[in-house]
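The values are calculated or read from the model by the stated rules, or taken from the named source; none is laboratory data. Values in this document were obtained by computation on a predicted structure and should not be read as measured data. Every residue, glycine among them, receives a Cβ derived from its backbone with ideal geometry; neighbour counts consider all protein chains shown. The area values use the complete protein model at the heavy-atom level, side chains included, leaving out ligands, DNA and RNA. Shrake-Rupley method; radii C 1.70, N 1.55, O 1.52, S 1.80 Å.
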Amino acid sequence: MGTRSPRPWAVLGGWLWLLHALRSDTRAALEQERTASVSAGTREAIARGTGQSATLTAVPLYPYGAKANDKQYVERRADFNSPVFKPEIGFPFGKTLRDSLYFTDNGQIVFPASDSDLFPSPNPPPGGFSGREKTPMVAVFWDNADFSQGDGATFYQEFVTLDSAEHPVVRDVEAKIRRYLKTSYSAKWTLKITWEKAPAYPARQPVSRTNTYQAVLTTDGVKSYGLILYQDGGMQWDYTRLGATNVLMGYSSGDGFYRNDDLTRRPPAAKYRPDQFRGYNTDLRGLWLYGLASQERVNYRVQCLAWLSTQQDPAGWNKDLPSCPCSLPPAASEPRYRRSRGGLADAQVTLLYPVSPNRYGAGVRCLYNSRNELVDGRQERSWKAWRHVASYRDPELKFQAWCCRLAGSPQLCAKYSQKRPKTSCAGYRQPRPTSSSEEAESYSEEGRD
């Protein structure tokens, strides 16, 4: 018997089955590619369309979470803000030394005018920053996130390295700044923030496509920088399902210093995948590096803190110090003190210093206004015989100016007072009616005992 030819309907059915299988496989492959992290082929396609190199090394995130001694912060609602951070040395941003900052669930780091000044908007402006913003901020990946359904968290860790051994994270941050910006840099304050598996708003269960990224703010009190790290394959929001695609990356200092990152002007397929692009000022995929101070100026908070760190407890030197006269006495009536001859350059004041120190080499300083009223009395660690001759060169006055007048920080002025305690006129006694030379000699002998 000859071979029976297949019937036409059977041939057609086989082709239909094969076509259906191919379509199913294609749909499955597309779905797998859509939900997984961006593949190498996708990176190459993105690179070809934007001029980026697909061969660049991706930046790894810094260790984070409990294993890295981070603190976790999350609120299970649509929007929340972190605790407020107050760097003791301040944070230079633009032209201004900022006192405090906090981060939001929506990828912002905000510098409020006061602790009660909260930024209300989870959505970025469609046109980006204009430089005229009332609220200074760094936009790490500013778009509307939603942690309310139980997924995702934020972590943070603060590093204060004024005079202590540096953490490996801080050392690496310093190395990156030196490498990419060709500048010397030693951090004194650093904040690391991690947004882990942040869902887009509105979050729907099951949440499968999230974003993971970090920001590191760092300053030495004069220079300041922001490092932004996007996890390789970790920026997965489905931008086709978002209400708007206005994600913003960059910063605005509130005093005219701002930047809208170039990537945010690209199509959503690019700007929602920053982990696949070479970052600003670096040669790594997913690493951005911003300089955040538009000008360098003296930071008196740093100088005050450096001085405070060298000062011993007054209990070791302030025994048996005299009180200040309650009002500026005639020179002839108070031979135990000497007047300054110049006062301060910026105030009409008179200073009195004792003619000799206590047995620890310490003294006091009494300051009087133009009405001869006692304005301020301070115990001083080191008595110097020449102070009444050239008080404008008195380093003690400089230290007080750093901490109490120029630093703009009541907390630092309070710390200054701990090292240089105030003294009043309580307990002051007018000298006995005796000759000036005898009184001065008597007081000098007491000081040498």
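Residue pairs whose Cβ atoms lie under 9 Å apart, separated by 6 or more positions or on different chains, with the first residue in region 265-283 and under 19 Å from Y180 (Cβ atoms) and without any contact (Cβ under 8 Å) to a residue 12 or more places away in the chain and the second open to solvent by less than 70 Å² (accessible area, probe 1.4 Å) and of a type outside the set (D, E, K, R), do not occur.
Across region 142-170, which residue is farthest from T210 (Cα to Cα) among those that are in a loop (DSSP other than H, G, I, E, B) and within 18 Å of the chain's Cα centre (by Cα)? Taking the candidates together, the pick is D163.
Here is the figure for region 72-97: residues that are out of contact with any helix residue (DSSP H, G or I) (no Cβ under 7 Å at 6 or more places or on another chain), under 24 Å from V302 (Cα atoms) and touching a residue at least 24 places away in the same chain (Cβ under 8 Å) total 10. M249 meets each of the listed conditions (1) assigned to a strand (DSSP E or B); (2) open to solvent by less than 20 Å² (accessible area, probe 1.4 Å); (3) within 26 Å of S184 (Cβ to Cβ) apart from (3).
For E133, are the conditions met, namely being modelled with pLDDT of 95 or more and closer than 22 Å to L97 by Cβ? Talk me through it step by step, then tell me what you get.
On the way: modelled with pLDDT of 95 or more: no; closer than 22 Å to L97 by Cβ: yes.
Here the answer is no, as E133 does not meet what is asked.
Name the single residue that is nearest to A215 (Cα to Cα) among those in region 280-294 being in a loop (DSSP other than H, G, I, E, B) and more than 16 Å from the chain's Cα centre (by Cα). Only one residue tops the list, namely G286. Taking region 196-240 as the search range and keeping residues that are buried (at least 17 other Cβ atoms within 10 Å of the Cβ) and of a type in the set (D, E), which one is farthest from S148 (Cα to Cα)? Ranking the qualifying residues of region 196-240, first place goes to D220.
Is it the case that region 140-163 has a residue that's polar (S, T, N, Q) and within 18 Å of D220 (Cβ to Cβ)?
Restricting attention to region 140-163, the residues satisfying the condition of being polar (S, T, N, Q) are 144, 148-149, 154, 157, 161.
Add one more test, that the residue is within 18 Å of D220 (Cβ to Cβ), and what stays is 161.
Yes: one or more hits.
Could you tell me whether region 356-371 includes any residue that is part of a helix (DSSP H, G or I), at pLDDT below 90 and open to solvent by 30 Å² or more (accessible area, probe 1.4 Å)? No: region 356-371 contains no residue that is part of a helix (DSSP H, G or I), at pLDDT below 90 and open to solvent by 30 Å² or more (accessible area, probe 1.4 Å).
Touching a residue at least 60 places away in the same chain (Cβ under 8 Å) and among the aromatic types (F, W, Y): which single residue out of Y239, Y201 fits that description? Just a single option satisfies the conditions, and that option is Y201. Looking only at region 109-164, residues that are free of Cβ contacts under 8 Å to residues at least 60 places away in the same chain, closer than 22 Å to T264 by Cβ and small (G, A, S) come to 2 in all.
Only a single criterion out of (1) assigned to a helix (DSSP H, G or I); (2) in contact with a Leu (Cβ under 7 Å, 6 or more places away or on another chain); (3) open to solvent by 10 Å² or more (accessible area, probe 1.4 Å) is not satisfied by V173, namely (3).
Restricting attention to region 62-106, the residues that are within 13 Å of Y156 (Cα to Cα) and more than 10 Å from the chain's Cα centre (by Cα) add up to 20.
Select from region 178-188 the residues that are assigned to a loop (DSSP other than H, G, I, E, B) and open to solvent by 10 Å² or more (accessible area, probe 1.4 Å) and list them in ascending order. So that I can check it myself, show each step before the final result.
Keep residues of region 178-188 that are assigned to a loop (DSSP other than H, G, I, E, B), which gives 182-188.
Of everything in region 178-188, those that are assigned to a loop (DSSP other than H, G, I, E, B) and open to solvent by 10 Å² or more (accessible area, probe 1.4 Å) turn out to be K182, T183, S184, S186, K188.
Looking only at residues of region 406-437 that are modelled with pLDDT of 95 or more and open to solvent by 70 Å² or more (accessible area, probe 1.4 Å), we find that the one that is nearest to P87 (Cα to Cα) is Q411. Look at (1) under 18 Å from the mean Cα position of the chain (by Cα); (2) buried (at least 18 other Cβ atoms within 10 Å of the Cβ); (3) part of a loop (DSSP other than H, G, I, E, B); (4) of a type outside the set (S, T, Y) and you find that L191 fails only one, number (3). A count restricted to region 261-294 and to residues that are crowded, with 19+ Cβ neighbours inside 10 Å, polar (S, T, N, Q) and more than 14 Å from L56 (Cα to Cα) stands at 1.
Among the residues of region 308-331, just one is surrounded by 11 or more Cβ atoms within 10 Å (Cβ to Cβ), without any contact (Cβ under 8 Å) to a residue 40 or more places away in the chain and aliphatic (A, V, I, L, M), namely A331.
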